[in-house]
Amino acid sequence: MILVKRLDLETGTAILEMHSGDVAGGEARVATLAESARVLGLRAVSLRVGGAERVSTVAAAPATPQAVLTAAPAAVGVPAHPGLVHEAAWHGNGVRYRGAFPHAAPSCHQVQAYTELVLRAAGVPPRDMGLVRLVAYELCVNAIEHGHALQTPATIEVGFEITAVNLRGWVRDRCAAFDPLVFPSTAMARLVDGRRVRGYGLQMVRRIVDSLQHTHDGQGNTVSFTKEWIHERD
């Protein structure tokens, strides 16, 4: 498993960390992060092995970058947010992340890229990764569209605890109390047949995750969820 130890959008760099193991396999995984790194506005992703004191010295040919990725500027209309707060740590048998973004519509796309980056680094199977990315996106959209911010500037937080067998995730806003899970639970077939947009995203979320819960602590809403991996991890 690889930890995205540092992520700095001001310098456009990220540092990934491995305790030990198959260095070549780790570098190959880093090479799959190019697209999500590009969307986040990153220009270089470096892999460290055995702790911060030893940087991987495996050379990469210019045509097939491995230890360091060079990414193009972020896609037009999806600006990188220099204000991203990223916290990461090894956690039990896995990794733990917390990412905080501005409470604004463009952040939903950044949350997707952030989710893909950390899940790919952890070696989450592609199908499971895509499903969790969709869950994070839909929950962020819901909070931004329906939440009434209690402070300015407001933030939206996305967090993950990832292990070899499952994931615990959460999306937290800084908004007045509202339960994003109380919208009518219309049957999926009726939503599709009737072309009803409202509630469609949350219906998909309910089908993807194994558990879903909402709480409010006076400072913001938190929607937490769990997901067991469907496929064997690589």
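The values are calculated or read from the model by the stated rules, or taken from the named source; none is laboratory data. Every value quoted in this text rests on a predicted model; they were computed, and no experiment measured them. Glycine also receives a Cβ, built like all others from the backbone with ideal geometry; neighbour counts cover every protein chain displayed.
Take the residues in the stretch 82-127 that are β-branched (Val, Ile, Thr) and in a strand (DSSP E or B); name whichever of them is farthest from ARG48 (Cα to Cα).
That would be VAL85.
Every residue, every condition in (1) crowded, with 22+ Cβ neighbours inside 10 Å; (2) assigned to a strand (DSSP E or B), yes or no:
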site	(1), (2)
MET1	no, no
ARG6	no, yes
SER20	no, no
GLY25	no, no
ARG29	no, no
SER36	yes, no
VAL45	yes, yes
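Any idea which of ALA154, ALA121, ALA143 is surrounded by 17 or more Cβ atoms within 10 Å (Cβ to Cβ), within 13 Å of VAL4 (Cα to Cα) and among the small types (Gly, Ala, Ser)?
Just one listed residue meets the conditions, ALA121.
Filter the stretch 1-31 down to the residues that are modelled with pLDDT of 85 or more and β-branched (Val, Ile, Thr) and list them by number.
The answer is ILE2, VAL4, THR13, ILE15.
Report whether or not GLY130 is among the small types (Gly, Ala, Ser) and part of a helix (DSSP H, G or I). Spell out the reasoning first.
Numbers: among the small types (Gly, Ala, Ser): yes; part of a helix (DSSP H, G or I): yes.
Here the answer is yes, as GLY130 does meet what is asked.
Got a number for residues in the stretch 9-33 being free of Cβ contacts under 8 Å to residues at least 12 places away in the same chain and of a type in the set (Asp, Glu)?
1
Checking VAL111 against (1) buried (at least 20 other Cβ atoms within 10 Å of the Cβ); (2) modelled with pLDDT under 90, which test does it fail?
(2)
Report, ordered by the first and then the second residue, all pairs with beta carbons closer than 7 Å, sequence separation of six or more or different chains, a first member in the stretch 34-45 that is within 13 Å of VAL118 (Cα to Cα), and a second member that is assigned to a helix (DSSP H, G or I) and modelled with pLDDT under 85.
That search, which allows pairs on different chains as well, returns VAL45/VAL30.
Hey, can you tell me all the residues within the stretch 199-224 that are within 10 Å of LEU139 (Cβ to Cβ) and modelled with pLDDT under 90?
GLY201, LEU202
For the stretch 86-113, enumerate the residues that are under 23 Å from ARG207 (Cβ atoms) and in contact with a strand residue (DSSP E or B) (Cβ under 6 Å, 6 or more places away or on another chain). Before you say what the answer is, go through the steps one by one.
Going through the stretch 86-113, the residues under 23 Å from ARG207 (Cβ atoms) turn out to be 108-109, 111-112.
Of everything in the stretch 86-113, just one residue is under 23 Å from ARG207 (Cβ atoms) and in contact with a strand residue (DSSP E or B) (Cβ under 6 Å, 6 or more places away or on another chain), namely VAL111.
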